[in-house]
Each structure stands twice: as C-alpha cells, then as structure tokens.
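Enquirer: The structure that follows is given in the form of structure tokens.
All of the numbers you see were taken from the coordinates with simple rules; none came from a lab. Please read all numbers here as calculations on a predicted model, not as lab measurements. For neighbour counting, all protein chains shown are included, and Cβ atoms are generated from backbone atoms with ideal geometry for every residue, glycine included.
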Amino acid sequence: MVSIDLLLNAVVAGILIGGFYAAVSLGISVVFGLLDIANIAHPLFVITGSYFTFYLNSNFGLDPILVGLILMPLFFVIGNIVYQSYYHFFEKQGAEPLRGLVFFFGVLFLIEVSIIITFGVDYQLVEAAYLGESLNLGIVNVSYRLFIPFLVGVLLTTGLHFFFAKTFYGRAIMGVSQDSLALSLMGADPVRIKSVAFGIGIATASMAGALLVMILPIEPALGREYIGRVFAVAVLGGLGSVKGALFAAIILGIAESLTATYFGAAWSSGVSFGFLLLVLAVRPAGLFGR
Amino acid sequence: MKLLKRFRIQNIVGFLMGSIFISGLFAPSVYAAEPLKIGLGMALTGGLAAAGKPAKLSIEIWRDDVNKNGGIMGRPVEIIVYDDQTKPSNVPAIYGKLLDVDKVDFVVSGYGTNLIVPAMPIVMDRNMVFMTLFGLAANEKFEYENYFQIMPSGPNPLTDWSEGFFKLASEQNPKPKTIAILAADSEFALNTAKGARMNSKKYGFEIVYDGKYPPGTPDFTPIVRAIKAKNPDIFYVGSYPPGSVGIVKAAKEIDLSPKMIGGGMVGLQYTSIQMNLGKTLNGIVNYWFWAPEPTMKFTGIEAFLSKYQSEAVKYKYDPLGYYLPPFAYAYVQLLGKAIEGAQSFEQQKVADYIRNNAIDTVVGKVSFGKNGEWAKSRALQVQLQNIQGNSIDEFNRAGKMIVLHPEEVKSGNLIYPFPGWQ
C-alpha cells in the first residue's frame, strides 16, 4: 500500500528540486532556444557563480541569495563580452554552428582551469542560518535548503517570462529569435539584441550558481554533470519557452523524486530521459514550443 | 726552483686528468648523478582533482626529503607527472609515454581504482613493480604479482573495508537487526556496498533496503525518506563527497536517526566538508585511514603533515590533509625504501623486496599479502565525537575522530545508539 505521507513528500521534493532545475536551465533555454547558440559552457558559468558566492559568503558573510543578485549585472556584462567574441569570430563570418560549439568547448575548459587556479580544487559549501532548518507542515516536511532555491527559481522564471512578454527588449529578443532580418529592416540591431539576450542568459547563471552551492558542495568539474540535465529541461519545455522550462523542470523533478522513492534512485535519470523521448515523439517542439 | 714548481704542477694536472679518465672508465660516479625517474598520471583536473593535487604535493614533498638526504642510492629523484584529467581513457597513453618517451625507471599509479585499472595491462606487459594509491580490489581480476596497494583495506578488500563497522554493530546490546544499504552507482561505491552485503550476511543483519543512486543526484530527501519508511537499525552508505554531504543533510532534515549511520562515505574526511557540517557529524561512524589520535603517531607523520600543511595553504588544497596525503607520501616512500633495501634498480628485485619485508612508512609498518593488499587490514572505523563548532581547530586535534577499530590503534569507545542530529 502506498503511504500518503511518503507520496506527498516525494511530490513536494520533486517540485522543490524542479524549481532549482528551472533556475539552472533558464540560461540554456534563452541562449539555445531563442538565439540558436549551443552554449555548452553554461553549467560552468553556473559553477563560476557558485564559487563567487562561496568566496563572498565565506569571507564577508554575505547571504548566498544576495550574492547571486549582486553578481547578476557582472554576469550580464560577461555574457555580453562572450557573445561579442562569438559573434566576431564565428557568427559574423558565417561559420557553421559546429565551429561555434568548439568555441564554447574552449570557454568551458578555460573557465574550469581558471576556477582551479583561483579557488583550488577542494570541495566548498556556503553557510547561512536557515540552511540547516526545515519547515514542518503536518505530514509534509520542507527543508529551507531546497525551498529557498525553489522559490528563487520560480521568481526568476516568472520575472523573465514577464520581461519577454511585456517589455520592449523582451519582445525584441523574441523577434530576433523568429526573424532577425525582419527585425533589422525595422531599424533594430539584431547583434545588440542578441548580445542583451545572451547577457541575460549568463546573468541567470549567477543566481543558479548561488542556489547550487546552497544545495551541494561544489568542485570545479561539477558543471559537466549538469550539462545533460539542463539541456533536457530546456528541450522538454520547448526551446525558447521560459514558462516551459519551469514546467518541464518541475515535471522532471517529480518524475525523479517518485522514481527515487518507489523504484530506486538509480532509475531516476532513465525515467526522466525516457519521459523526454516520449514527449518529443508526440510533440517534437517540446511541451510549450512553437 | 721554477723547474721543480712546473714539474709539481704538471704532476698535479696529470693526476687529476688521470683520475677523470679512470672514473670515466669505471663510470659509477657518472651513473650516480643520473636522476631516478618515477612517472605517474594523476587527476590534476576533473572530478578527483581535489584528491589528486594534494597527492602530487605529497609526492613532491617526499622527493625533496629524499634529495635533501642524497637521493636513492646516490641518484636524485625526479618525478614526472601527467594530468589524467580523471579520465580512465587517458591513462594508457600516459603510461605509454612515461615508459617509451620519458624512459622512467619506475611507475606508480594515479589516485583511485578507476585510474589504476587502465594502467595495469601496460605495467604488466613490461613486468614492472606497480605501487598504487587507493585502489579497491583493483588487482582481483589481474592477479598481478608485482602490484602493491597502499590503502590499508586488507587482503580481502571487499569485506575488510567494512568489517570493523559490522563487527562493532554486532557487539552492541541489544544487537541491531536490520540494515539499509545505499551506494553511489560507480565502481568504488558499488564495491563497498557489495562488501557491506557480504558482511551483513556474515553478522546476521537483515537487509531491508538495498539501493543505489546516480552520481550527480542533487537531492537525497526522496531516497532518505524511502529508507526512513523501512525503519532500519543501521544505515550503511557508500558515497562520494557531494552524495555524502547531500545524504547527511537530508537525513538530518527529515530526522532519519538509526542506531548506527555511516560506513563508506568519502568526503567526511575532507576538512572543508567537516568545517561546513560541524556538529552535524557527531555520532557518525565511518571508515577513515588516519586521524590525529595518540594511537596513530607513526614515525615521520607529524613532520610530513607540518610540511604539507604549510604548502597546502598556498595552493588552497585540503588544509589538514589527513585523508590521502600521508598515503601518497607513503607509497613513494615505500618504493624508495624498497629500492634501497634491495640495493637494486631491477624491477623484480624491488618487487621481491616489497613482497618479503615489512617496511616502515609515515603511515606505519606496511607488509603486503594476497593480491598486493596490506597483509592485515587497518581500515579504521572512526566515530566523530565532541565537535562543538565549525572551526578548523575542531578537527586538527585528538578527541574528535575517535578510532574504534581495529583494536591495536583503538583510541576510544563507540557512543551507541546514534545520539541524534545536532
């Protein structure tokens, strides 16, 4: 017989971890989904955000979420610079997307080595008063270590959704993803718009990094373990759909959590990716893709 | 007078030139200056770099210690290290280059089972002595006679590794009855889980949960909750650092408090993780290899740790270095002592010396038995006790990591049952 509290807790744990997955996948959804740039270095930007958070938390006692927020403008600028380099050396010269992939592989290794040199190779974590605590809601137990990343992930996704739907720049980014030539005929500069979009994608990595280091200890190579999962979330949600990324992340989170609870965690990834294949067979554009 | 003086000078010059010629003929002094090259691949980037870099530092400290004292049989030691990037597929090419291009005299392994096994065929093909660093049952299938492994897991690594944990559990009154086993889905952790299953059978514990999780799992609460539903008396975990932290935090958050918890969790020995978990660690019983207890003061260990700790701060490595560094120093120290003991650079003679002698190292006297493992297991079971906070001073002194097993190095008693999460 299925115990109701075990089931409820498994669903809640899935929703919570889904919010975190959404935060990590947002950047991929924007950059890969809207700009067609396969930025496989994105998880390494997330890890960079984690290390900055660790540094500021351990040296100045700053709250991890606050650090994530403070770093967003800096990451936006870094994203701008990376996109400008990519545009200058690859996109402008009409290079094949595969060559762009090589560029991002290079960025990935560069970031990893820089982290090793700057922060060392030891495992690192952050501290905050609320991280060891949990909230008891009757039969459901919610740890702040997962609840806060969920909350921030949902807020970030919602904010970005409204940015794309309601603001001039947001609509311009949606426009450039559909037809950049038409956009340039209307007087807008597609390169500038793409640069802003890429910057936004990387800015989300700073917050995602802060959330990651709240949940798990980090080390420089950790980003590689998340490449598959974040691309899966972005593809399942529908490339370019921020709302889709959140829903897909929560669905995957719940699927993983229920599998881990009832069938063993070893099956979690298999069930998630099986579900992804099933959805793509029925809806090739993903759940919310156009 | 002038003539006499010139004659003397000519004699002296002639004598010196003759000496140089004769020494050239007999050559030993020329060979004595040739470096003794020891080559290895090591995880300097990738997932195991947190262990690989301190290991490299420890090997370099040994090299400096040896060279300061005149080298090995008059030859200065040179270490050649390549980064295997924690990728087993890189290992065969690295050892091929070390042997064919760098022409090293000896090879030793990188860190961990997954990076030792790929080097075995090439080392076996050249019939070389192979000192290895922290392989768990890596020679079980090869049965290579010149393989020697420094981790003190014992002649039956699968079961010896966790034997102490299960023995301690079986001695408690009332004796615990049920056990949950959880392991990361990768070779090392699965081997520990396999050994735990065998020991469960041996000591009569009923397995009520037996699961594994994929590396990279970010949230362990669903798994830990499923285990809590089974209400086991013992929770045995085989995990890597991210999993170890995730499992401990999840167990605390949902208050999974069996009578004994721990076993094969890698990472709890790392200072950064200890400092983060602090008081939460109290009561956990886990494998360990070295702890700053009075029973573990082997010759040279304190001098080595002092050098390591002063260097580790500069490079931001594990600041205390109790887990791997002493053994990384010891496995090359043992090789050096074996060469000197055998009075030979020949592979077979050195291997025979290692096989037939107990050799003093910074981790104690080591003698090898079946399959090149320690003749007798000295896998420690340690219980973390009396931790009051998160400062490094909580972990750099005696009285915190109490050695419960084996008897010959025991430094305190088990607090049983698990006192609950703090």
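Enquirer: Of all the Cα-Cα pairs you can form in the range B:357-422, what percent are over 19 Å apart?
Expert: So the pairs more than 19 Å apart make up 49 percent of the total in the range B:357-422.
Enquirer: Separate question: For chain B, what is the calculated [θ] at 222 nm in deg cm²/dmol (nearest 500), taking -39500 (n - 2.57) for each run of four or more DSSP H residues and dividing by its residue count?
Expert: After summing the helix terms and dividing by the residues of chain B, the value is -13000 deg cm²/dmol.
Enquirer: Turning to a different aspect of this structure: Kindly put B:W421, B:W290 in sequence by how many other C-beta atoms sit within 10 Å of each C-beta, fewest to most.
Expert: B:W421, B:W290
Enquirer: What FRET efficiency would be calculated for the residue pair B:A358, B:K167, taking the C-beta separation as r and a Förster radius of 22 Å, to the nearest 0.05?
Expert: 0.35
Enquirer: Taking the Cα-to-Cβ direction at A:Q178 and at B:Q388 and moving 7 Å from each Cα, how far apart do the two end points lie in nm?
Expert: 6.7 nm
Enquirer: Considering only the other residues whose Cβ falls under 15 Å of the Cβ of B:Y213, what net charge follows from Lys and Arg at +1 and Asp and Glu at -1?
Expert: Charge balance near B:Y213 sits at -2.
Enquirer: Please compute the modelled spin-label separation between A:L155 and B:K230, points set 7 Å along Cα→Cβ, answer in nm with one decimal.
Expert: In this crude spin-label approximation the distance works out to 3.9 nm.
Enquirer: Kirkwood Rh and Cα-based Rg: tell me the resulting Rg over Rh for the range A:182-227, rounded to two decimals.
Expert: 1.25
Enquirer: Evaluate the relative contact order of chain B (contact order divided by residue number), counting alpha-carbon pairs under 8 angstrom at least 6 apart; express in whole percent.
Expert: 17 percent
Enquirer: List every residue whose amide H lies under 5 Å from the amide H of B:D210, counting only residues 5 or more places away in sequence or on a different chain, with H placed 1.01 Å from N in the peptide plane.
Expert: Residues meeting the criterion, in which the H sits 1.01 Å from N, are B:I181.
Enquirer: Would you mind telling me the antiparallel percentage of the DSSP bridges in chain B, rounded to 5?
Expert: 25 percent
Enquirer: Taking the Cα centre of the protein assembly as shown as the origin and placing charges on Cβ (Lys, Arg +1; Asp, Glu -1), which of A:S114, B:F106, B:G399 is farthest toward the positive end of the dipole?
Expert: Sorting the options by dipole projection puts first B:F106.
Enquirer: Find the relative contact order for the range A:4-282 and round it to a whole percent, using C-alpha pairs within less than 8 Å whose residues are 6+ positions apart.
Expert: After rounding, I find 41 percent.
Enquirer: How long are the three semi-axes of the equivalent ellipsoid of the range A:4-282, in whole Å, if each is the root of 5 times an eigenvalue of the C-alpha gyration tensor, listed from largest down?
Expert: Three semi-axes, in Å: 31, 22, 18.
Enquirer: Oh, and also: Just to check I understand the Karplus step: with θ = phi - 60° and J = 6.51 cos²θ - 1.76 cosθ + 1.60, what whole-Hz values come out for the range A:208-215, glycine and proline as x?
Expert: Calculated HN-Hα couplings, in order: 4, x, 4, 5, 4, 6, 6, 8 Hz.
Enquirer: Sequence-distant or interchain residues sharing an amide H contact under 5 Å with B:T178, placed H: which?
Expert: B:E206, B:D233, B:I234
Enquirer: Right, another one. Using all Cα-Cα distances in the range B:287-338, what percent lands in each 10 angstrom bin from 0 up to the longest?
Expert: It works out to 22, 55, 22, 0, in whole percents.
Enquirer: So for the pair B:S89, B:T299, with labels modelled 7 Å out along Cα→Cβ, what separation do we get in nm?
Expert: 4.7 nm
Enquirer: What does the charge add up to near B:I354, with Lys and Arg as +1, Asp and Glu as -1, over the other residues with Cβ less than 15 Å from its Cβ?
Expert: Spelling it out: positives minus negatives among the neighbours equals -1.
Enquirer: Give me D for the range B:99-143 in µm² s⁻¹, whole number, from Stokes-Einstein with Rh from the Kirkwood sum over alpha-carbon pairs, 37 °C and 0.692 mPa s.
Expert: 301 µm²/s
Enquirer: When the Karplus curve 6.51 cos²θ - 1.76 cosθ + 1.60 is applied with θ = phi - 60°, which whole-Hz ³J(HN,Hα) does each residue of the range A:109-124 get, with x for Gly and Pro?
Expert: Working through the residues one at a time gives 5, 4, 5, 4, 5, 4, 5, 4, 5, 6, 10, x, 10, 5, 6, 10 Hz.
Enquirer: Write down the Å³ per residue value for the convex hull defined by the alpha carbon atoms of chain B.
Expert: About 157 Å³ per residue, rounded to a whole number.
Enquirer: Follow-up. How large is the direction-averaged shadow of the alpha-carbon convex hull of the protein assembly as shown, in nm²?
Expert: Hull-based average projected area comes out at 40.2 nm².
Enquirer: Suppose only helical runs count, i.e. DSSP H with n ≥ 4. What mean residue ellipticity at 222 nm does that imply for chain A under -39500 (n - 2.57) per run, divided by all residues and rounded to the nearest 500 deg cm²/dmol?
Expert: -24000 deg cm²/dmol
Enquirer: Checking the a/c ratio against 1.5 first, then a/b against b/c, what shape does the Cα gyration tensor give for the range B:140-228?
Expert: oblate
Enquirer: If you find the alpha carbon centre of the range B:300-337 and of the range B:79-116, how far apart are they in angstrom?
Expert: So the two Cα centres are separated by 21 Å.
Enquirer: Could you list the residues of the range B:296-323 with an amide nitrogen less than 14 Å from a label point located 7 Å from the Cα of B:E340 in the Cα-to-C-beta direction?
Expert: Inside the label zone: B:300.
Enquirer: Let me ask another. Treating the beta-carbon of each Lys and Arg as +1 and of each Asp and Glu as -1, no other charges, what is the dipole magnitude of the range A:4-282 about its Cα centre, to the nearest 20 debye?
Expert: So the dipole magnitude of the range A:4-282 works out to roughly 580 debye.
Enquirer: Ok, one more. Can you give me the Cα centroid spacing of the range A:161-202 and the range A:53-131 in angstrom?
Expert: 23 Å
Enquirer: What relative contact order, as a whole-number percentage, does the range B:344-422 give when Cα pairs under 8 Å and 6 or more residues apart are counted?
Expert: Over the range B:344-422, the number comes to 17 percent.
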